[in-house]
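Report on one structure; see the data block that follows.
The values are calculated or read from the model by the stated rules, or taken from the named source; none is laboratory data. These numbers were taken from a predicted model, which means no experiment stands behind them. No Cβ is skipped: glycine too gets one built from the backbone with ideal geometry, and neighbour counts run over all protein chains shown.
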Amino acid sequence: MRHYTPDDLTKDSEFELLKVVDQRQIKSFIYEQIYEPTKLLRYYGIYQIAMLVLYVVLLAISIWSATRGVMEPLWWMLGALVFSFSVLIVLHELFHAVAYRLNGVKKLKAGALWRKFIFYVAADRQVVDFTVFKRVALAPFLVVNLLTIMPGIWLWEHPACYFFFSLMCLHSLFCAGDIAMLSFYYRHADKTIYNFDDLAEGKTFFYTLKKAS
C-alpha cells in the first residue's frame, strides 16, 4: 500500500477535500455524527445503555450493602471513579499511541483541551487510512474491556469485582468520541478516505480519493 503525505493529498488532483474539523470544535463534529447515527453508533448506543444499567445496578447493590455495614463494594466503586478520571484517561490515550506506533505512525503528540475536558493523541501531518484509523480508534475500547472483564469475572465473589466492572462501565463514556469519529468513515463507506492532523493549524483534514470517471 502506498504511503501518502499531506502534500500528496492537498496538491494531487486525484484527491478532493471531504471535511475539515477544527480540533477546538471537535465536540461539534462528534455531535454531527450522533445526530445522524450509523449502524455502528446505534450498536454502540445499545452498548452504552447496557453499561449504564450495569453501573446503576452495581451502585444500588453497593449502597444497599453499605446500609447493612458492608462498605467494601462502595469503596471499590469510589476507587474506580477516581481511577477513571485520572489514571484511566492517561491509559486510554496511551493505548491510542501504542496502536499508532504499531501501525508505523511515529510522530505523535499528546495534549488536552482543559476547558472542555478533552484529551487526545495526534499524529502530526501523517496520513492514515481507514484501516489504521479503525485500529487506533478501537484500541482503548478493546484493551480496557479485556483488562476489566477478565479480572472482574475472576474476582466475582470478591468486592474488588465492583472496581473492574465499574471501570468497564465508566470507560464506555470515554470511547464515545472515538466511535463517533469512526462512524464518519462508515457514513462515507463508498469513499476511500485519508486523514491527517495539522497541529500548527489545529485542524484535522479528511480527503477522499476521486472515483475514476
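A few points about this structure:
- Scanning the stretch 69-97 for residues that are loosely packed, with under 15 Cβ neighbours inside 10 Å and more than 19 Å from CYS161 (Cα to Cα) yields a total of 2.
- Of all the criteria given as (1) touching a Phe, Trp or Tyr at 6+ places or on another chain (Cβ under 8 Å); (2) part of a helix (DSSP H, G or I), the one not satisfied by TYR47 is (1).
- Filter result for TYR35 (of a type in the set (Phe, Trp, Tyr) and at pLDDT 95 or above): no
- Test: residue in the stretch 21-34 that is within 15 Å of the chain's Cα centre (by Cα), of a type outside the set (A, V, I, L, M) and part of a loop (DSSP other than H, G, I, E, B): no
- Taking the criterion of being part of a helix (DSSP H, G or I), surrounded by fewer than 22 Cβ atoms within 10 Å (Cβ to Cβ) and either touching a Cys at 6+ places or on another chain (Cβ under 9 Å) or of a type in the set (Val, Ile, Thr) (or both), the residues of the stretch 149-199 that qualify are ILE149, PRO151, GLY152, ILE153, TRP154.
- Residue count, the stretch 71-84 (criterion: in contact (Cβ under 8 Å) with a residue 40 or more places away in the chain and outside any helix (DSSP H, G or I)): 0
- Residue within the stretch 126-145 that is in a strand (DSSP E or B) and either within 25 Å of THR204 (Cβ to Cβ) or over 19 Å from the mean Cα position of the chain (by Cα) (or both) present: yes
- Residue match in the stretch 25-40 (condition: touching a strand residue (DSSP E or B) at 6+ places or on another chain (Cβ under 7 Å), among the hydrophobic types (A, V, I, L, M, F, W, C), touching a residue at least 60 places away in the same chain (Cβ under 8 Å) and over 28 Å from PHE141 (Cβ atoms)): no
- Condition check for PHE15 on (1) under 17 Å from the mean Cα position of the chain (by Cα); (2) surrounded by 15 or more Cβ atoms within 10 Å (Cβ to Cβ); (3) farther than 17 Å from PHE164 by Cβ: one failure, at (1).
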